[in-house]
């Protein structure tokens, strides 16, 4: 009888509710990346308008990423203890308001401050979104669902680059920020209607609640997770350099305007749109045959993507270089669904949001957060021309090789870590 009662309370989103969760989270994630990418799309006209150099732009880019990283922990902790759907709605509206204010900047500090606040607003979205989707879909199809969710990344980059560049060319660099703020507010309101699961508190055997720092300590006791977190940081160093500096690199190397420079992202991103769901499906297939396959896949694809990017930059993204950078786009995102699913596989229920906050924190503090500034500083030191920026971005690509090694090491303890939380069960809100 007790088992029947527990089963009746078990969280089951249902097909309609699951699809709604996936749709809203994916669209918000796309807007999230549009708002991230638009700064990179307008680097050259913004530099000229505000009288900035590569180092200044890199500082603004790093400030955004590090703000997101530093707030990812506390926001993710609040999400796990409060309400994912309410928190995600508030965050979407918050970051959209500051995206709008970024477009009103007139000097370095008026750009730096609102851009940092956009990072604060976006800090908890990924933890909330992955926790919601991870709960709405069973383990056997979780990789595919998160593969769809991760389509938002290349789509957001594509729209942020192409629309941002086109709007900036015709209406000025400020205009894209003003337009991109609107859909975030609308989707934030729609997020309030998602079906959530009940928040729970971790308890010690003594009956004492486990609070913020002990919760983090619990996650750092999961070996496969620790290796994955370091891998996230290494790969993010490469990825953030590519996303932030590629339009500027193309503009300098090819001698084209802001709109034309951003169109180079189109084939790369279209290829990446295919890579994410395919990677999720392949990871699910490999997982069924060998659970470690969920981590073997990103180890292989990320390592190959780093080699493709380095070669493409050497060729200035021309001819074979363009083919190689498109291959980078596919390979770089193929492992993302696997890694997102992995965090949900090994995390206790009470830390399913926090574990993604940890991932965001490690992704940016261990590497990605410093990448825009480091690449910009190296470029300044070498002369700020196309060759200087390309050299700096190639150095950043080494992070992909180190990340691949970390993912391989994580695979060794992954199965044992899954077994430790297999008995836990989600309860309906």
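Every number in this text was worked out from the coordinates using simple rules, so none of it is lab data. Quick caveat: nothing in here was measured; it's all calculated off a predicted structure. Note that we place each Cβ from the backbone using ideal geometry, even for glycine, and neighbour counts take in every protein chain shown.
Give me the compactness ratio for the stretch 245-306, meaning the Cα radius of gyration over 2.2 N^0.38 Å. Could the numbers behind the result be given before it?
Values: Rg = 16.5 Å, N = 62, 2.2 N^0.38 = 10.6 Å.
The reported ratio for this selection is 1.57.
Once R0 is set to 35 Å, what does the formula 1/(1 + (r/R0)^6) return for the Cβ-Cβ distance between residue 318 and residue 106, expressed as a FRET efficiency to the nearest 0.05? Walk me through the intermediate numbers first.
Numbers: r = 37 Å, r/R0 = 1.05.
Given R0 = 35 Å and the Cβ-Cβ separation, E is 0.40.
Provide the FRET efficiency to the nearest 0.05 for the residue 266-residue 140 pair, computing r from the beta carbons and using R0 = 25 Å.
Details: r = 34 Å, r/R0 = 1.37.
That pair, residue 266 with residue 140, gives E of 0.15.
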Rounded tilt (10° steps) of 152-171 against the dominant C-alpha axis of the chain: 30 degrees
Mean shadow area of the stretch 277-429, taken as a quarter of the surface of its Cα convex hull (nm²): 10.6 nm²
Cα coordinate range in the stretch 17-97, projected on the principal axes (Å, largest first): 48, 26, 17
Of 72, 215, 161, the one that fluctuates the most in a GNM where the chain has Cα springs shorter than 10 Å: 215
For the chain, built as a Gaussian network whose Cα springs stay under 10 Å, the top-fluctuating residue of 18, 170, 413: 170
Rounded Å value of the spacing that divides the Cα centres of the stretch 277-322 and the stretch 101-117: 36 Å
Percentage of interatomic Cα-Cα distances in the chain larger than 42 Å: 10 percent
Calculated Rg and Dmax of the stretch 336-422 using C-alpha coordinates, Å: 17.3, 55
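For the stretch 302-358, what is the Kirkwood hydrodynamic radius in Å, using each pair of distinct C-alpha atoms? Before the final figure, lay out each step's value.
Working: mean 1/r = 0.0776 Å⁻¹.
This gives a value of 12.9 Å.
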Relative contact order (percent, whole number), the chain, Cα cutoff 8 Å, 6+ residue spacing: 28 percent
Among 118, 185, 157: highest mean-square fluctuation, GNM of the chain, C-alpha pairs under 10 Å: 185
Descending semi-axes in Å of the stretch 48-188, equivalent ellipsoid built from Cα gyration tensor: 29, 17, 14
Mean residue ellipticity (222 nm) of the chain, computed from DSSP H runs ≥ 4 via -39,500 (n - 2.57), nearest 500: -27000 deg cm²/dmol
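What is the Cα radius of gyration of the stretch 229-360 over 2.2 N^0.38 Å, N being its residue count?
Working: Rg = 16.4 Å, N = 132, 2.2 N^0.38 = 14.1 Å.
Against the empirical 2.2 N^0.38 Å value, I get 1.16 for the stretch 229-360.
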